[in-house]
Each structure stands twice: as structure tokens, then as C-alpha cells.
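Structure first, then comments.
The values are calculated or read from the model by the stated rules, or taken from the named source; none is laboratory data. Remember, predicted model here, so these are calculated numbers, not experimental data. Neighbour counts are summed over all protein chains in view; Cβ atoms, including those assigned to glycine, are modelled from backbone coordinates with ideal geometry.
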Amino acid sequence: MYLDKFKIKDQLCEFDIELNEEYIFDYYNSCGINFHDYQYVFPTELATLSLKYFLEKFPIPNGSIHTSQEIEITTPIKIGSKLTCRAFLDSIKEIRGRGIVIVNIKYTKSKKILGHANATLLVPLS
Amino acid sequence: MIEETKLKSVEKVITKEMVINYANTSGDQNPIHIDEEYAKNTDFKGTIVHGMFLISSISEMLIKNIGLNWAKSGKLKIKFKNPLRVGESISTKGKISKIVKDNNGTLITCEVMCSDNDGNVLISGTAHWSE
């Protein structure tokens, strides 16, 4: 099953992201959002970019379903910021022939936590 | 802002082109979103929009109604209820449900959802921010 090599609370990976204007422009453009005030990063832009890097390291198997998502920004993040993301396995369970996996990502800058995200995935067992 | 205030909705059609662009931006190239042939043989019987794309419509509504306070202190908790087929339209709703004032400011709670053209709820949840 997806991520079953890890134990609960294990750190899965660490990576850096840069929330630059080019990414923000591409994000707004792809979502059809007509907004061009590039001061601060909104929660969904942050979660989407970090998931991109996470999925490169741990591709989700076909047939997986994203069932819930939580995102919180605790300290304002300016456009252009470079953040370190640490992904953890928050939970992994097997229920009725499917796996339920929760991945937690913490966003930090200079060791200060600026926010976090939790993604819950329903994954095939094999 | 007072309790029961309804936010201005976001309404749009999510096209195949938008989904392909979003797949490139987000890196989520799962064939269920972009490969018609693959998706035809799944339970969904066709390509479906990324869940995070649907969440972006909630964020868009909050950006337009709330502005920078949403960026500075936003918290969003969303459950995915139903898939949206590519090419269909969506509409968002938001209603302020709770306002709590303390020494640190005001914490706003807003119930949010996004539904399709037939009124089926696609995603729903809660947004919080401080003012």
C-alpha cells in the first residue's frame, strides 16, 4: 500500500519551494482566477505547490481518491518567499479493502512554522 | 461583517483546457483527470476535475470577498463529496456562521461549499480567518 514502508509520524521527505510571481501567475491562470495583487500567498496556492513537489517524490497510485484537505497559514507568507516543507505520515489505516493515508506538511522559514496542510487520500491496497 | 452574511458567489465552467493547464501547474497528471480513454473505464465513466482545483474556487470566492485577511491568516478544512466531470459548471457559496472577538482581534468562521449545475454538492467545509 502507498507509503506503507513508513511508520506513523515518520518524516517522509523535506524539500524547498519558492512561491515566486511566475508560479502564482500560472496558478491563477490555470484556475481561471482573475486576480493580480501579488503581495501574499493564499492557502490553496501554497498547498498546491507543495503537493506538486511531494507527488514527484511519492507519486500517488492510479485509482487513489483525495477525500479531504486542510490548509492553514499561521503567519503571512509574502510572494517570493522560499520555504522549507517537511512532510510526515500522519496516519495510515486499512478499512474495507482500501487504505486511508493522511499526509501532513509543515511549512517553515528560518525554522519558524508558517503553516501546515493535511491531505487525506483513499488508496488501493496494492 | 456580520453573522449570516452571504459571500458573493464564483460561477464558472471548468473546461478541458483549464484542467490540462491545472495538471501542468500542480504536477498532478493522474490520468483520471486528463486521459479520456483511461477515465472511460473507471467508476467515473469520464475525466473528472482535480479536487484541489475545486478548492481553488472556494479560495477565489474568499479572495474576492475577504481579500488579504484570507492570505494572512486563512484556514480551510474541506471534504470532497462528489466528483465533477470536466466541462461542467460550478457555483460556490459562503455564509459567515460565527464571529468571535477577543483581545487578539476577531476570528471569523464561514461555511463554504461548491456545487454543480444540478445542485449536487462537490465539496464543503469551513474557512476561518482573523480580522
*asked:* Among the numbered criteria (1) within 14 Å of another protein chain (Cβ to nearest Cβ); (2) part of a strand (DSSP E or B); (3) of a type in the set (Gly, Ala, Ser), which one does A:SER91 miss?
replied: (1)
*Being surrounded by 18 or more Cβ atoms within 10 Å (Cβ to Cβ) and either within 8 Å of another protein chain (Cβ to nearest Cβ) or more than 18 Å from the chain's Cα centre (by Cα) (or both) is the filter here, so list the residues in the stretch A:27-42 that pass it.*
A:TYR27, A:SER30, A:CYS31, A:GLY32, A:ILE33, A:TYR40, A:VAL41, A:PHE42
*Please work out which residue is surrounded by the most Cβ atoms within 10 Å (Cβ to Cβ), limiting yourself to the stretch B:1-43 and to residues that are more than 10 Å from chain A (Cβ to nearest Cβ) and closer than 20 Å to B:SER56 by Cβ.*
B:HIS33
*Taking the stretch B:1-40 on its own, how many of its residues are touching a residue at least 12 places away in the same chain (Cβ under 8 Å) and among the charged types (D, E, K, R)?*
9
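How many residues does the stretch B:92-107 contain that are away from chain A (no Cβ under 14 Å), surrounded by 16 or more Cβ atoms within 10 Å (Cβ to Cβ) and either among the small types (Gly, Ala, Ser) or over 19 Å from B:VAL10 (Cα atoms) (or both)? Walk me through it before giving the result.
Taking the stretch B:92-107 as the starting set, the residues that turn out to be away from chain A (no Cβ under 14 Å) are B:93-103, B:106.
Among the residues that remain, those that are also surrounded by 16 or more Cβ atoms within 10 Å (Cβ to Cβ) are: B:93-94, B:96.
Of the ones still in play, those that are also either among the small types (Gly, Ala, Ser) or over 19 Å from B:VAL10 (Cα atoms) (or both) are B:94.
Qualifying residue count, the stretch B:92-107: 1.
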*Count, please, the residues in the stretch A:43-65 that happen to be surrounded by fewer than 22 Cβ atoms within 10 Å (Cβ to Cβ), assigned to a helix (DSSP H, G or I) and of a type outside the set (A, V, I, L, M, F, W, C).*
4
*Identify the single condition in (1) at pLDDT 95 or above; (2) surrounded by fewer than 17 Cβ atoms within 10 Å (Cβ to Cβ) that A:SER68 does not satisfy, given that it satisfies every other one.*
(2)
*asked:* Considering only residues that are facing another protein chain (nearest Cβ under 7 Å) and within 17 Å of A:TYR38 (Cβ to Cβ), which ones fall in the stretch B:56-75?
replied: B:SER56, B:SER59, B:GLU60, B:ILE63, B:LEU68, B:TRP70, B:ALA71, B:LYS72, B:GLY74
